[in-house]
Structure formats: structure tokens, C-alpha cells
1. Tell me yes or no: at least one residue of segment 179-192 is more than 16 Å from the ligand (Cβ to nearest atom), in contact (Cβ under 8 Å) with a residue 24 or more places away in the chain and over 16 Å from Trp54 (Cβ atoms).
2. Considering Thr127, Thr120, Thr191, which residue is modelled with pLDDT under 85, over 25 Å from the mean Cα position of the chain (by Cα) and β-branched (Val, Ile, Thr)?
3. Just to be sure I understand, how many residues within segment 385-430 are part of a strand (DSSP E or B) and of a type outside the set (D, E, K, R)?
4. So which residues in segment 29-61 are in contact (Cβ under 8 Å) with a residue 60 or more places away in the chain, surrounded by 14 or more Cβ atoms within 10 Å (Cβ to Cβ) and either under 19 Å from Glu201 (Cα atoms) or outside the structural domain of Phe177 (by TED's automatic domain parsing) (or both)?
5. What strands (runs of 3 or more DSSP E), lying completely within segment 105-214, carry at least 2 residues that are more than 30 Å from Val58 (Cα to Cα)?
6. List every residue pair whose Cβ atoms lie under 7 Å apart, where the two residues are 6 or more positions apart in sequence or sit on different chains, the first residue falls within segment 136-158 and is within 24 Å of His286 (Cβ to Cβ) and loosely packed, with under 13 Cβ neighbours inside 10 Å, and the second residue, located anywhere, is β-branched (Val, Ile, Thr) and at pLDDT below 95.
7. Take Ala276 and tell me if it is of a type outside the set (Val, Ile, Thr) and outside any strand (DSSP E or B).
8. Which members of segment 209-225 meet the condition of being over 23 Å from Gly270 (Cα atoms) and either within 15 Å of the ligand (Cβ to nearest atom) or aromatic (Phe, Trp, Tyr) (or both)?
Amino acid sequence: MSSNDTALMEKIVSLCKRRGFVFPASEIYGGISNTYDYGPLGVELLRRVKNAWWNAMVLERSDIVGLDSAIIQNPKTWETSGHVSGFSDPMVDCKKCKARFRADKLDDSRCPERSSKKPTECGGELTEPRAFNLMFKTNIGAAESSSSVAYLRPETAQGIFLNFQNVLNSTRIKPPFGIAQIGKSFRNEITPGNFVFRTREFEQAEMEFFVPPAENDRWYEHWKTERFNWYVGLGIDPAKLRQREHDKDELAHYSTGTNDIEYLYPFGWGELEGVACRTDFDLKRHSEASGVDLRFFDPETKERYFPYVIEPAAGVNRAALTLLIDAFEEQDVEGEVRTVLHFHPQVAPITVGVFPLVKKEGMPEKAAEIERVLRRAHFSTFYDEKAAIGRRYRRQDEIGTPFCVTIDGDTMSQDIVTVRHRDSMKQDKVAVKELEAFLRDAIGSWKRA
Ligand code: ATP
């Protein structure tokens, strides 16, 4: 990372803490490494990412249904899926400082004692790589015997495979169709880092799309394109997005093809989402191990078969981080720095700031009334009467609020407010009775500058 890029990440981390997007977890006890809590604005950002995903994947389609499966499943799940034996990263230890690194990510790692050096450059000797399983183990019940060992799920996908027959039986849906799920996953990552990019606890948004095997390639292309376009639709700069097909030796044991959607982070290109062909691997394995037939029976052709699976797997926290980084800009406005997050209005934690120009002449009361009306119409609003109006605008720019409505003398005499746009800083005069429609239109027609 160049010093500019490091500085950019530091600015984003600092803004996140200052304005209540992301806090270091357990901070009063000195923190816990690479674990974060989401503050009032962060939780709204995550919620909007999840809503946008759920809308695109479930609500706007007739061929995908939702699911919410348990985090702790029968441990046989993970033996069968291959996670107990194979979900590991190669790990090396430094014999000098005892730090641990991922053997395949040494170039991205730094010596904890000499932070300008990579582990291979600092003079410390590394051990031979050995496999380190990423699953968190826990125990069920009071006894700590081996029979009670269970795992926190490292992906949400397996809960979907376990419920494949339940969903078929309860919905009468048939391939090609999908099951979508959003939820927490846990991985004991060896080298987490880059803020919330890689943490040990994170939220995934995964969808397993079950298709007749002959339709695999068509649906793989479909989902690669759909998912790429979803990020562009959220306002992310397409010039900083790319698709990367995995080499054969990179593919997971179950996959015949995987395409990563990558973003150019300040620390380099990184995976934002993976779209994988999982074939019939999971359903077949779970059928064999459980003795329950998980094939689909097609009543028309009288054929019984294991569908193939295309899986778009996104990370909610990584998507939120990407939106923050991509939206961040420092502009020079009349000799002063204006910090602005150019969020798409669909994901901005607050959509409309409402301000009385001054704290007198009935303006606060009128502003509070307008804010209440907008809030009841399901806009996410923020009322502020403190400080000079320019400063209030800047505070909203910094958290990405796309519109500010100011109640001034014209409001009191003619029922007209001023709407100020975050990106252009232009202002429009709008009649109060047309405000809601005006804002809806501005949200709908928003384009990345
Ligand atoms: P990576 O190569 O970055 O470890 P992966 O290929 O193991 O990721 P997948 O198993 O495909 O990741 O998971 C799907 C998505 O879940 C990733 O694209 C990412 O957005 C998110 N994700 C995976 N691991 C983490 C993590 N440790 N912290 C935050 N998000 C994660």
C-alpha cells in the first residue's frame, strides 16, 4: 500500500469511529483483535445493503425463496461438506517473534515488530506451512466431551442444502430455482485485517440456485452478470470493479468454475463476492451421508436427479466497506476541505436532513413538523438546529446524506423550502406540498457524478 492509500484507509477508519459507523469491539477492555461493532449509522448501512440484496434476490423474483437456518447444525454437516477435513489455510509461524501468517498471503502481511517489512524480509525464519482449520469449535450442553463438539458455521450455504427437500415440499417450487439466506458466519482467520474487510465474525448473503445439469453454463453466465451489475446499480464505480475467473488450481474442492467480483481497494484488488459452480457435490454428499434422498423428482418427465448449483456468495460487511471507500471524497471547496460520502440514496443511512435556518420565528416548529411528515412517509430523516447552516450541511455530507431540507423565511411566508443536494451542492426551491414527490423523484433519478 502506498502512503496515500494507507492515509485514505486511516481517514475512513477515523470517520467511521467519529460518526458512528464502526467501533472497535470491547474497546473499554482494550479491544479484541480485528473485531468490530457497528454504530447507529453503520447498522443502517448494513441494513440497507441487506435490503438491497434481499429485494434483488428474493422480492423482485418469482424463482427464489428465502431461508434462515441455524448457525450451529449437526456436526455431521461439516464432516460431510468437507469442512472438517479440508476447510483450512496453510499457516506458518515466525520462529523469532512467534507471529502467525497465511503462507499464501505473505506478500500482504507485515512483521508485527518491523511493520515496514514483510514476514520474509524481516530476518525471522518461518516454519514449514501446516494446515490450520478455520472453523470455530464449541460444545453443546454442559459436558465438554468429544460427543458434544459442534461448530459455528463457516458459511451459510450448508443450511440451505440441508433444507433443500423441506423447501421443495413446502413450496412446490422446481428447478431452476434458488434459496437465499443472509446471516452470520465465523472463520478463525489466521491473518484478518484491513479494517472490516476480513474479520472472524461476518455476515454473508448467499444464494444457492438449483438447475438441471444441462442448464448449468447458462445460469453461471446469468449470475456472473447479474451480480456484477448489482454492485454497479448500488453506485460503485465500474472502473474499480472487475471479474476474475479462478485458475483450475485455485478452485475449491467442490467447484468446476468460480468467478470473483473484485474491487480495487486502497490495499489492492480484493474479492467482493464469489460466484461458484458447486455442481451436485453438496446434495449428493448429504444424501449419501444421511441416507435421505435429496434428488429432485420431476413429475412431468418422471426423472429423479441431483440439480447442479450456482452460488453467488457475497459478504455484507465487505459490501458496506466497499460502499464507504468508493463513496469517500475530499474536495477543496473555497479553500476548505469538504469530506463527502457520495452514497447512492438507496444505501445512505440518512436520506434527508431537516433544518430550520435559524432557531426562531417559528422555524424550528415548522421544521419539526416537516421532519415528522417525512419520517411517517418512511424517509430516514435527521433533525438538526445546532450551528450555522453551512456547518450542518457539511456534517451531513460527511455521513453521505443525499438531501437537506432547510426551512427559512420563504417557508414561513409561502410554504416553500430549500432542498440542497449533497453531490452538486445545488439548491432547489420546492413547495412543501410537493416535497415528498420531489424527494422520491430525486432518489429515483440519482446518478453517480
Ligand atoms: P477470501 O478469499 O477473501 O478469504 P473466500 O473466497 O474464502 O474469501 P467465500 O467463502 O467465497 O470467501 O465467501 C463469500 C464472501 O464472504 C466473500 O466474497 C466475502 O465477501 C465474504 N467473506 C469471506 N470471508 C470473510 C471474512 N473473513 N470477513 C469478511 N467477509 C468475508
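1. No - not one qualifying residue is present in segment 179-192.
2. Result of the check over Thr127, Thr120, Thr191: Thr120.
3. 12
4. Within segment 29-61, Asn34, Thr35, Tyr36, Gly42, Glu44, Leu45, Leu46, Val49, Lys50 meet the criteria.
5. 130-133, 137-139, 149-151
6. These pairs meet every condition: Lys137/Val149.
7. Answer is no for this residue.
8. Result: Phe209, Phe210, Trp219.
The values are calculated or read from the model by the stated rules, or taken from the named source; none is laboratory data. Because the structure is a prediction, the values reported are computed rather than measured. We place every Cβ from the backbone using ideal geometry, glycine too, and count neighbours over all the protein chains shown. Protein only, heavy atoms only, side chains kept; ligands, DNA and RNA dropped before computing areas. Shrake-Rupley method; radii C 1.70, N 1.55, O 1.52, S 1.80 Å.
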